[in-house]
């Protein structure tokens, strides 16, 4: 027979366990929403203050498995008055979505230029999760976002190309191709985002050159243009698997 | 197995094979994106190199260029280029052979060949010190 005290102790321990679990899930929810708020804040900073982007791409002998590409971004700014308009939390997936917005009169951007924003409302969405297994779609979306930034910079600022090419009977055969991008970008707006049927993410961005010209108070060549790009990001890394298999062979 | 069953099995195998072949192109992941990127890089490079006026029939071309989009078309500003022609090297070798017959120094002629520099060749060929 189990003594009464031990029985009480077991019942108390079970109760505490159940209550503690409820407490954890609450904490997880708050942490996920907080993380999504930070993501949305970063997006706002990237959109208004701007970001510095460095990207390289390299391919040898036109073999996709030799492809090496990297994109890095940096930004740091203090922005006051960000408000969170829409907070959604999916308990089943542990994913939070936060829409942040801000309206500023003026701001000094990443290049040190004063921009007259005239209290225009800028909105950006941030996603986050506390469960690593659920991070796939969010990571894919972020990589699509970075791809879109890179494409915008390529369109506006351009890029450098370094190559070594073999010519055989006047036929070009690429041997080594490298591209580099290093620039700052601001006032990029996200027009659409989502995931396709294959779970790959896409982010559509646009940049109104005329608006930038007005905000900066400078005349920009091709001022009437609206530059639109679509970035892509994958959830699944099937490329590394192919690369490894080829190395083994 | 009756004849109709055999035909059915053959059809199923055929359909499955077709599905496997076509499904690979719509698989998710970054492989397809990398392949697309590789193609784009190749096209960009061919476009940049193709604009050079002094392309050799056979050889190697090294370039460094700034690329900018203008009305959807990439414009290249090539700020560094090195063109090494294979045929030029062969021609120089023949010259070297004739020089060797005339008793010129072997090492010097090899250097001329590596540099591929016309002015150097002319200078060395007409150098009064050699005579």
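Read-outs: derived from the displayed coordinates by stated rules, not from any lab. Remember, predicted model here, so these are calculated numbers, not experimental data. Note that we place each Cβ from the backbone using ideal geometry, even for glycine, and neighbour counts take in every protein chain shown.
For the residue pair residue B:69 and residue A:225, what label-to-label distance in nm results when each label sits 7 Å from Cα along the Cα-to-beta-carbon direction?
For the pair residue B:69/residue A:225, the computed spacing is 0.7 nm.
Using Cβ contacts closer than 10 Å as the measure, can you line up A:114, B:73, B:34, A:45 from fewest to most?
Working: A:114 11, B:73 8, B:34 24, A:45 21.
Neighbour counts put them in this order, fewest first: B:73, A:114, A:45, B:34.
Between A:190, A:38, A:14, find the one with the highest GNM mean-square fluctuation for chain A; connect C-alpha pairs within less than 10 Å.
A:14
So if we plug the beta-carbon distance of residue A:101 and residue A:30 into 1/(1 + (r/R0)^6) with R0 = 22 Å, what FRET efficiency do we get, rounded to 0.05?
Working: r = 21 Å, r/R0 = 0.97.
Given R0 = 22 Å and the Cβ-Cβ separation, E is 0.55.
Normalised radius of gyration for the stretch A:47-134, please: alpha carbon Rg relative to 2.2 N^0.38 Å, two decimal places.
Values: Rg = 18.5 Å, N = 88, 2.2 N^0.38 = 12.1 Å.
Rounded to two decimals, the normalised Rg is 1.54.
Relative to the compact-globule scaling 2.2 N^0.38 Å, provide the ratio for the alpha-carbon radius of gyration of chain A.
1.36
Taking each residue in B:65-75, count the Cβ atoms of any other chain within 10 Å of its Cβ, then average. What number comes out?
Counting other chains' Cβ atoms within 10 Å and averaging over B:65-75 gives 4.
Mind telling me which of A:126, A:217, A:136 comes out most flexible in a GNM of chain A, alpha-carbon contacts under 10 Å?
A:217
Counting other beta carbons within 10 Å of each Cβ, put A:156, A:138, A:63 in order, fewest first. Mind dumping the intermediate values first?
Working: A:156 19, A:138 22, A:63 10.
Arranged by neighbour count, lowest to highest, A:156, A:138, A:63 become A:63, A:156, A:138.
Once you place label points 7 Å from the Cα toward the Cβ at residue A:11 and residue B:3, how far apart are they in nm?
8.1
Test of understanding: ordering A:165, A:108 by Cβ neighbours within 10 Å, fewest first, what list do you get? Intermediate results must be reported in sequence, preceding the final value.
On the way: A:165 24, A:108 11.
Ordered by Cβ neighbours within 10 Å, fewest first: A:108, A:165.
Name the residue, out of A:47, A:174, A:130, whose mean-square fluctuation peaks in a Gaussian network model built on chain A with Cα pairs under 10 Å.
A:174
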